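This report refers to the structure that appears directly beneath it.
The values are calculated or read from the model by the stated rules, or taken from the named source; none is laboratory data. Computed from a predicted structure; not experimentally measured. Virtual Cβ from ideal backbone geometry, glycine too; neighbours counted across all protein chains shown. Remember, those area values only see protein heavy atoms, side chains included, never the ligands or the DNA or RNA. Shrake-Rupley method; radii C 1.70, N 1.55, O 1.52, S 1.80 Å.
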Amino acid sequence: MAELPATGTIRRAAQSQEALLATFVAAIFLSAALLFLIEPMFTKMVLPRLGGSPSVWSVAMVFFQSMLLAGYAYAHVLTRYAPGRMSVLIHLAVMILAAFTLPFAIGAARPPAGGEAFWLIGLFTTSIGLPFFALAANGPLLQAWFARTDHPAAGDPYFLYAASNVGSFLALLSYPILIEPLIPLSGQTRLWSGAFYILMALVAGSGALLWRTGERRPRPALADRDTEAARIDAPSWRDGLRWCALAAVPAALLIAVTAHISTDVAAVPLLWVVPLALYLLTFVIVFQRAPLLPHWLAVGVQPLFILALVVVVVFDLQPLKSIVGLFFPEAVLDPVKAIIAVIALHCAAFFVNALVCHGELARQRPAARHLTIFYLWIAAGGMIGGIAAGLIAPRVFNWVAEYPILIALAALCRPGLTLPAHRQGRYLMLGALAAIVLFMIAFDRFHPDFEETSFDWMVGAFLVAAVLFWRAPLPFAAAVAVALFIDHTYVDVAGTTSVRSFFGVHKIADSEDGQFRVLSHGTTLHGAERIRDANGSPVSGRPDILMYYYDGSAMAQVMDMVRGRNAAPLRYAVVGLGAGSLACRSRPADIVHYYEIDPAIIHIARDSGLFHFLSACRPDVPIMLGDARLTLADAPDGAYDIIYVDAFTSDAIPIHLITREAMAIYLRKLSPHGIVVVHISNRFLELASVVAGIAAANGAVTRLHDGSDFVEKASEYLFVGTVAAVARDNADFGALARSDYWALQTPDLSQWVWTDDYSNIVGAVIRQIRPAAKEGEP
């Protein structure tokens with residue numbers, strides 16, 4: 001039976017509409033995926049130039065937010081002054097121009113000794129600026145095109161924004177799990193370039209569909225004509241500033257929570273992925289036609305998460321340990337599980353706060369004809385938040401102060417930010433705020449006499465006040481801010497000094513018994529010195545060598561062996577200054593050179609009021625400022641008998657210092673029988689097999705010290721570290737080769753050798769968690 005003409009026409013029209021929607025969704029999805037693939041990919045390429053600093057990611061986020069604003073502004077101008085078909089031609093020309101810059105790469109320029117953030121932004125702009133700009137414009141531009149088509153859903157194209165963020169979310173998660181472990185950087189850039197060409201075809205196809213269907217003015221969706229969003233005619237400046245603020249707070253909070261967790265909670269590799277993924281997920285949720293989590297629920301639970309976060313920050317882990325201990329008693333005894341629980345709480349609180357802010361954005365979104373200006377205000381807020389947290393805060397505060405500030409600001413983003421309607425309510429709120437201010441003044445004046453019990457009661461009182469005002473954003477935010485302020489002030493009373501630089505927050509504090517002074521970067525110790533003896537008397541003279549450098553430690557064993565073998569004075573280099581402990585292992589005739597990337601660390605180590613290793617042992621020691629890969633390469637070949645590589649922490653380790661190419665540089669700078677000593681102690685990464693692999697790739701041999709010849713004494717700051725020694729020949733290890741505590745390492749042939757083009761952090765994490773697990777080659 002022949003198909004009725006009308007039925008066939010309807011079916012073809014439906015298929016045409018499906019093809020139109022599929023093309024636009026595919027273009028937006030792929031564009032967002034490429035946008036969030038290039039971010040970690042290019043950041044990884046840049047990391048070696050700046051010592052693997054976590055701040056590289058913060059500054060990268062500032063660049064991405066700024067370029068996103070530029071792309072959105074371009075899309076808005078194009079939609080307003082050259083709408084429809086003309087915008088298709090112009091944007092395709094921009095994408096073709098961007099394609100000529102592919103595949104992207106970085107030049108050979110070295111970063112300056114200061115102003116690293118601005119140098120980094122310039123490098124990003126010149127290397128990937130144009131492709132990123134074109135990708136940033138695709139989201140709002142394609143949605144504006146879709147709104148001009150004859151598709152039934154064209155009246156409310158905001159669901160495409162959710163599709164965009166799904167692409168971003170999946171791309172971000174896939175990079176460390178699938179792409180980085182399986183594809184070298186050079187292959188990643190080629191694949192990315194190929195996907196960009198496919199995207200150009202999809203954008204051209206979307207433009208052709210707009211051209212074919214005949215453009216029309218965007219119209220409000222039938223279902224939304226009675227909503228507040230559709231009634232907004234022309235957004236005012238007040239609307240725009242409100243959108244800007246609602247976008248700025250979570251964007252800044254994203255950077256701040258990442259900095260706080262990686263600095264003050266635990267230096268966990270790839271931690272930045274989790275908050276950013278949650279940030280994207282909130283956009284996916286709130287801009288769906290039927291949100292998975294209703295906005296009223298996020299608003300309702302936000303105060304609970306903020307209060308829980310404040311309690312854990314102020315009272316350390318004790319409340320969380322008590323709660324977890326009720327259900328999982330064994331978890332309380334496991335510090336790793338406790339840290340994971342704290343990180344989970346920080347991330348959950350960030351997710352809820354971002355969900356509230358973005359939910360308010362979705363609730364207040366304008367009609368489709370104002371779509372591009374809406375996204376422009378959002379991008380402006382994201383850039384402002386990124387600059388505030390990524391560039392301004394590190395220069396203004398010597399600790400991660402932006403985090404508690406933004407927690408309070410997130411509370412102000414709740415709906416209902418107004419003064420109480422009744423006079424009694426206003427008086428009550430003003431009285432509470434006045435009491436808070438007076439308390440801050442009194443606390444600042446008398447806090448040296450406060451005891452810990454008094455401190456707990458005071459903070460508890462403000463938390464009770466926060467509970468009483470949890471429905472009123474202004475007093476609730478004020479009570480939360482003061483509780484966090486008191487906590488930080490009380491911590492400062494204990495004698496902690498913070499120094500913040502591009503490379504992190506460094507803290508100098510005395511131990512509770514007053515016998516030691518400790519230098520730490522977040523939760524990682526970088527130096528310790530005894531300043532008083534057991535009787536409390538000040539210690540003078542040459543400092544005792546502690547941490548991982550004491551007599552009999554693996555570091556000392558290598559130096560003693562080489563010194564005993566060589567007739568001439570020792571020549572050694574140290575990558576990573578810390579407090580300068582290894583300087584006190586030298587003798588007057590020895591040649592000692594330090595390589596350090598952070599000017600703040602140099603200032604701390606040279607300050608005799610803080611540490612005395614350099615001033616007492618080698619006050620004139622040369623310290624080469626800059627990344628060790630670059631500065632050490634300038635040293636003469638064969639210049640050192642020992643090279644100590646001691647620049648690793650537990651977070652964003654400088655991967656470029658443990659690659660095949662890096663090991664080649666170290667071996668080239670060694671004397672004929674010299675040794676490279678790599679300190680690889682790490683709570684989260686297994687790096688011994690990595691060192692064995694890069695050494696074998698250079699024809700060298702590796703031995704690993706297992707630490708079983710010494711009992712760790714944490715109270716005395718004497719630690720057993722994981723140390724790998726590399727030499728050209730096994731005979732170069734001398735007495736170490738006959739020691740039961742220096743095991744010969746056999747390279748794992750199933751593991752890919754780490755190079756400047758390839759590394760696998762996830763594999764190293766898995767091996768540390770499950771030593772039997774192997775990082776297999778695909």
Quiz prompt | Mean Cβ neighbour count within 10 Å, used as a protection proxy, ranking 407-415, 59-67, 117-125 highest first | solution = 59-67, 407-415, 117-125
Quiz prompt | Cβ-based charge dipole, region 614-742, positive-most Cα from Leu667, Val711, Tyr741 | solution = Leu667
Quiz item: Where does each of Asp551, Asp590, Asp544 land when they are ordered by accessible area, with a 1.4 Å probe and the largest first?
Solution: Asp551, Asp544, Asp590
Practice problem: Quick one: order Glu686, Glu39, Glu512 from most to least accessible surface, probe 1.4 Å. | Solution: Glu512, Glu686, Glu39
Quiz item: Tyr197: accessible area at probe 1.4 Å, nearest 10 Å²?
Solution: 110 Å²
Quiz prompt | Counted charge near Ser511, where neighbours are those whose Cβ lies closer than 12 Å (Asp, Glu -1; Lys, Arg +1) | solution = -2
Quiz item: Tally Lys and Arg at +1 and Asp and Glu at -1 over the other residues with C-beta under 13 Å from the C-beta of Gly381: what net charge comes out?
Solution: -1
Quiz item: Around His603, with a cut-off of 15 angstrom between Cβ atoms, what is the net charge of the other residues, counting Lys and Arg +1 and Asp and Glu -1?
Solution: 0
Exercise. Work out the charge dipole of region 523-640 with +1 on the Cβ of Lys and Arg and -1 on the Cβ of Asp and Glu about the Cα centre, then indicate which of Gly578, Phe613, Ile602 is farthest towards its positive end.
Key: Phe613
Practice problem: Would you kindly derive the ³J(HN,Hα) couplings of region 383-391 from the backbone phi angles with the Karplus curve 6.51 cos²θ - 1.76 cosθ + 1.60 (θ = phi - 60°), listing them in order in whole Hz, with x for Gly and Pro? | Solution: 5, 4, x, x, 5, 4, 7, x, 10
Exercise. Considering only protein heavy atoms, with the full assembly of protein chains and a 1.4 angstrom probe, order Trp211, Trp754 by accessible area, largest first.
Key: Trp211, Trp754
Exercise. Using a cut-off of under 17 Å, list every residue of region 553-567 whose amide N is near the label point 7 Å from the Cα of Ile591 along the Cα-to-beta-carbon line.
Key: 563, 566-567
Quiz item: Can you list the HN-Hα couplings for region 701-713, worked out from phi with the Karplus curve (6.51, -1.76, 1.60; θ = phi - 60°), rounded to whole Hz and with x for Gly and Pro?
Solution: 10, 10, 10, 10, 8, 8, x, 6, 8, 8, 9, 5, 10
Quiz item: Probe 1.4 Å, all protein chains in place: accessible area of His612 in Å², nearest 10?
Solution: 60 Å²
Practice problem: Compute the Cα gyration tensor for region 572-636, then decide on rounded, prolate or oblate, letting a ≥ b ≥ c be the square roots of its eigenvalues: rounded whenever a/c is under 1.5, prolate when a/b is larger than b/c in the other cases, and oblate in all that remain. | Solution: oblate
Practice problem: Can you tell me which of 99-105, 357-363, 200-206 comes out highest on packing, and rank the rest after it, using the mean Cβ neighbours within 10 Å? | Solution: 357-363, 200-206, 99-105
Exercise. Tell me which residues come under 5 Å, amide H to amide H, from His506 once H is placed; ignore anything under 5 positions away on its chain.
Key: Val499, Arg500, Ser501
Quiz item: Excluding ligands and nucleic acids, what accessible area in Å² is computed for Leu525 using a 1.4 Å probe, to the nearest 10?
Solution: 60 Å²
Exercise. Report, in debye and to the nearest 20, how large the dipole of region 523-670 comes out about its Cα centre when Lys and Arg carry +1 and Asp and Glu carry -1 on their Cβ.
Key: 360 debye
Quiz item: Short version: ³J(HN,Hα) in whole Hz for each residue of region 295-305, in order, from phi by Karplus 6.51 cos²θ - 1.76 cosθ + 1.60 (θ = phi - 60°), x for Gly and Pro, what are they?
Solution: 4, 4, 5, 4, 4, x, 8, 4, x, 5, 5
Quiz item: Amide H neighbours of Thr755 under 5 Å, counting only residues 5+ apart in sequence or on other chains, H built in-plane at 1.01 Å?
Solution: Arg660
Quiz item: Under the classification rounded if a/c is under 1.5, otherwise prolate if a/b is larger than b/c and oblate if not, where does region 588-675 fall, given a ≥ b ≥ c as square roots of the Cα gyration tensor eigenvalues?
Solution: oblate
